[in-house]
Amino acid sequence: MKNYITGNFIFEKMVPKKAKGSKVWDIKGIEYIDLSSAIAVNSLGHCNPKLIRQLNKQAQLIWHSSNIFTNLPSQQLAQKLVDNTFAKKVFFANSGAESNEAALKLARKYSHDFINKDKNQIISCYNSFHGRTLFTVTVGGQKKYQEGFGPLPKSILHIEYNNQEHLKKYLNDNVCALIIEPIQGEGGVIPAHLEFLKLARRLCTKYKIALIFDEVQTGMGRTGKLFAYEYFQVTPDILTSAKALGCGFPIGAMLVNETLAKGFSAGDHGTTLGGNPLACSVALKAFNLINNKKLLENVKIQSKKIMEFLNKINKINTLFKDIRGIGLLIGCELNEKYENKANFLVKLALKNNLIILQAGNNVIRIAPALNINNADLNLGMQKLEKTFINFISQYK
Ligand SMILES: *Cc1c(COP(=O)(O)O)cnc(C)c1O
């Protein structure tokens, strides 16, 4: 297939054409099991019939109405998010990066208007990922995404993830925001230590710093809780969501408590498509389906199964030095013998008709749909086992 898309993507040869639940078919009709949910997005499976129905229903009513007007689906979705979280207000965007952009701008504006004009430093963690706008790549802790794009926005400092000493050393009155992923996703599926998050909360309160949890990947049921902050029982001031929020329909959100919400006054920030009725209507349906005891229970049950399977396999042929994660966000870190071969392993999986992900060069990531059924999961694990055996045989 001739490629007309800009060269920043390295597409696989396989081109998906059709999908249903946790199965994907390519343009040749070959069937794949998807244990990636298209990077933690299609959390209710591909082409979920209830979402399709909702999309069609809203498409007949109104698609877009501009932010000159409010609309029913966006208010209903915002109310759902408020009723089920710490938040009191919501800003809708179209992506994770834009949601983080809004969060970071809000934190600076709030400090500027209500505390101190020079309180503008943003702290984030090395190896974090917060999106690809210039502001969010700068805040993200990975040099490779920043190189060549300078000059970069200023007053942004990186500390080590899970390092409590760094929190004590670098948080002070000049800092306006600390942004953390409760589990570093792209950075290698690394869960935060509870004590790190607790100390972050304490110090942010002490110095009036906005604690932002980037839950673009960990939110919307991924950990078995609606949002990961509930799992850790540490409440942020601002939370960002995207990926699974629309289950594949583009939408992002920034959730904020009463105090910080005051940072945005009329005209301070905006978006053309953010909060449009079509996206919000689909996301509202997705929210109701995800915020459901049985579904969240399935996350825990299937997570346990995958973990047991991975640990069992790893006992026989030690591929991984660590198998970790929460709920259905699971990472396997390759041991020294296979160092930085995650990409090769993911490609081998694809040859075995299985879609999995990498998270950095040394970790494979498994993030299936939250509603994956036993049959599809078993099929996926069989293909995974076959992939591991193929992989090991290459290094004998
Ligand atoms: C994917 C991701 C983003 C970026 O989301 P986009 O929709 O690609 O802008 C930001 N933060 C985290 C933690 C992510 O996983």
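Residues in region 14-27 that are free of Cβ contacts under 8 Å to residues at least 40 places away in the same chain, touching an Asp or Glu at 6+ places or on another chain (Cβ under 9 Å) and part of a loop (DSSP other than H, G, I, E, B): Val15 alone.
Looking for whichever is under 15 Å from Glu101 (Cα atoms), surrounded by 23 or more Cβ atoms within 10 Å (Cβ to Cβ), under 17 Å from the mean Cα position of the chain (by Cα) and in contact (Cβ under 8 Å) with a residue 12 or more places away in the chain here; the options are Val137, Val216. Which one fits?
Numbers: Val137 fails: surrounded by 23 or more Cβ atoms within 10 Å (Cβ to Cβ).
Val216 is the lone residue from the list that is under 15 Å from Glu101 (Cα atoms), surrounded by 23 or more Cβ atoms within 10 Å (Cβ to Cβ), under 17 Å from the mean Cα position of the chain (by Cα) and in contact (Cβ under 8 Å) with a residue 12 or more places away in the chain.
Filtering region 160-170 to residues that are open to solvent by less than 50 Å² (accessible area, probe 1.4 Å) and touching an Asp or Glu at 6+ places or on another chain (Cβ under 8 Å) leaves only His166. Within region 145-181, the set of residues being of a type in the set (D, E, K, R) and touching a Ser or Thr at 6+ places or on another chain (Cβ under 9 Å) comprises Lys154, Glu181.
Taken together, the residues in region 181-191 that are open to solvent by 10 Å² or more (accessible area, probe 1.4 Å) and over 12 Å from the mean Cα position of the chain (by Cα) amount to 2.
Mind listing whichever residues of region 129-138 are within 11 Å of the ligand (Cβ to nearest atom) and in contact with a strand residue (DSSP E or B) (Cβ under 6 Å, 6 or more places away or on another chain)? His130, the sole residue that qualifies. For Gly274, the conditions (1) within 20 Å of the chain's Cα centre (by Cα); (2) outside any loop (DSSP other than H, G, I, E, B) are fulfilled apart from (2).
If we scan region 171-180, do we find a residue that is out of contact with any strand residue (DSSP E or B) (no Cβ under 7 Å at 6 or more places or on another chain), open to solvent by 10 Å² or more (accessible area, probe 1.4 Å), assigned to a loop (DSSP other than H, G, I, E, B) and at pLDDT below 95? Break it down into steps so the answer makes sense when it comes.
Step one: of region 171-180, the residues out of contact with any strand residue (DSSP E or B) (no Cβ under 7 Å at 6 or more places or on another chain) are 172-173.
Within this subset, residues satisfying the condition of being open to solvent by 10 Å² or more (accessible area, probe 1.4 Å) are 172-173.
Now restrict to residues that are assigned to a loop (DSSP other than H, G, I, E, B): 172-173.
Next cut, at pLDDT below 95 only: none.
No, there is no match, as no residue in region 171-180 is out of contact with any strand residue (DSSP E or B) (no Cβ under 7 Å at 6 or more places or on another chain), open to solvent by 10 Å² or more (accessible area, probe 1.4 Å), assigned to a loop (DSSP other than H, G, I, E, B) and at pLDDT below 95.
The set of residues from region 250-269 being more than 9 Å from Asp237 (Cα to Cα) and part of a strand (DSSP E or B) comprises Gly252, Ala253, Met254.
Results for (1) more than 18 Å from Gly45 (Cα to Cα); (2) over 19 Å from the mean Cα position of the chain (by Cα), shown as yes or no for each residue.
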site: Phe227; (1), (2): yes, no
site: Leu255; (1), (2): yes, no
site: Leu260; (1), (2): yes, yes
site: Ala266; (1), (2): yes, yes
site: Asn292; (1), (2): no, yes
site: Asn311; (1), (2): yes, yes
site: Asn317; (1), (2): yes, yes
site: Ile330; (1), (2): no, no
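Among the residues in region 69-92, are any within 16 Å of the ligand (Cβ to nearest atom), within 26 Å of the chain's Cα centre (by Cα) and farther than 23 Å from Asn343 by Cα? Yes - at least one qualifying residue is present in region 69-92. Under 6 Å by Cβ, and 6 or more places apart or on different chains, what pairs join a residue from region 69-82 that is over 13 Å from Leu278 (Cα atoms) with one that is open to solvent by less than 20 Å² (accessible area, probe 1.4 Å) and in a helix (DSSP H, G or I)? Note: pairs meeting the criteria are Lys80/Phe287.
The values are calculated or read from the model by the stated rules, or taken from the named source; none is laboratory data. All of these numbers come straight from a predicted model, not from anything done at the bench. With ideal geometry, Cβ positions are generated from the backbone for all residues, glycine too; neighbour counts draw on all protein chains shown. We work out accessible area using only protein heavy atoms, side chains counted, and drop any ligands, DNA or RNA first. Shrake-Rupley method; radii C 1.70, N 1.55, O 1.52, S 1.80 Å.
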